[in-house]
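Contents: one structure, followed by commentary.
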Amino acid sequence: MSATDPHVPHDHTHCVSTALDTAEEVCARGGARLTPLRKRVLELVWQSHKPLGAYDILETLSREDGRRAAPPTVYRALDFLLEQGLVHRIASLNAFIGCAHPERAHEGQFLICRNCRIAVELDQPLIHRAISDSAAGLGFAVEAETVEITGLCARCKAAA
Ligand SMILES: [Zn+2]
Ligand SMILES: [Zn+2]
Ligand SMILES: [Zn+2]
């Protein structure tokens, strides 16, 4: 497991700029177009390590433009980012979080703190393999797989 802990204070602008640079590379390599809007939506998702809802993204875009951003435009941008593996969808929160490793295909596993809402992505292929093997044993065809684990992060647990 090589997940970096976003609870540890760090220069988050570095996370954001790295994510945007990686996104440019991933899209260029795949022949996908990272339009200014798609890039801006990705930047908004990356504004913190907490999953962000589509509604929050809409609000911010509307505030910036001084007019109401069209919901379908934002949803299409999010769909694009999901397809490219640049963000993951956290179903339990109906929200999105940036992926730090979009350059290699993987299934997301997340530890989600119910107090501070920070979500940490795990890099644990064994979990994926266990799910695949169990599903295959039942003849089940997996189409989407995001493991969401809810609890308290070390910092919030210590403060409780
Ligand atoms: Zn960060
Ligand atoms: Zn990921
Ligand atoms: Zn926490």
(message) I'd like the full set of residues that are assigned to a helix (DSSP H, G or I) and under 14 Å from the mean Cα position of the chain (by Cα), limited to the range 40-56.
(response) V41, L42, E43, L44, V45, A54
(request) Examine the range 75-87 for a residue that is at pLDDT 95 or above and within 16 Å of ligand 3 (Cβ to nearest atom), and state whether such a residue exists. (result) no
(request) For the range 104-131, name all the residues that are closer than 18 Å to G85 by Cβ and of a type in the set (G, A, S). (result) A105, G108, A119
(request) Filter the range 91-109 for residues that are outside any loop (DSSP other than H, G, I, E, B) and either modelled with pLDDT under 95 or among the small types (G, A, S) (or both) and give the result. (result) A91, S92, L93, A95, G98, G108, Q109
(message) Going residue by residue through the range 73-83, is there one that turns out to be acidic (D, E), within 16 Å of ligand 2 (Cβ to nearest atom), under 22 Å from A105 (Cα atoms) and assigned to a helix (DSSP H, G or I)?
(response) yes
(request) Go through (1) in contact (Cβ under 8 Å) with a residue 40 or more places away in the chain; (2) of a type in the set (D, E); (3) not in a loop (DSSP other than H, G, I, E, B) and name the single condition E59 misses. (result) (1)
(message) Residue under question is E25, and the condition is that it be touching a residue at least 60 places away in the same chain (Cβ under 8 Å) and charged (D, E, K, R); does it hold?
(response) yes
(message) Can you report the number of residues in the range 52-64 which are exposed (fewer than 13 other Cβ atoms within 10 Å of the Cβ) and either more than 19 Å from L34 (Cβ to Cβ) or at pLDDT 95 or above (or both)?
(response) 2
(request) Determine whether R68 is closer than 27 Å to H128 by Cβ, modelled with pLDDT under 90 and surrounded by fewer than 16 Cβ atoms within 10 Å (Cβ to Cβ). (result) no
(message) Can you tell me which of (1) surrounded by 15 or more Cβ atoms within 10 Å (Cβ to Cβ); (2) within 16 Å of ligand 2 (Cβ to nearest atom) is the one E25 doesn't meet?
(response) (1)
(request) Among what's in the range 71-110 and is within 16 Å of ligand 1 (Cβ to nearest atom) and β-branched (V, I, T), pick the residue that is nearest to A28 (Cα to Cα). (result) V87
(request) State whether the residues of the range 114-121 include one that is under 28 Å from S17 (Cβ atoms), more than 16 Å from ligand 1 (Cβ to nearest atom) and basic (K, R). (result) no
(request) Could you tell me whether A69 is of a type in the set (A, V, I, L, M), more than 12 Å from ligand 2 (Cβ to nearest atom) and part of a loop (DSSP other than H, G, I, E, B)? (result) yes
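The values are calculated or read from the model by the stated rules, or taken from the named source; none is laboratory data. Source: prediction; values computed, not measured. Every residue, glycine as well, gets a Cβ built from its backbone with ideal geometry; the counts of neighbours run over all protein chains shown.
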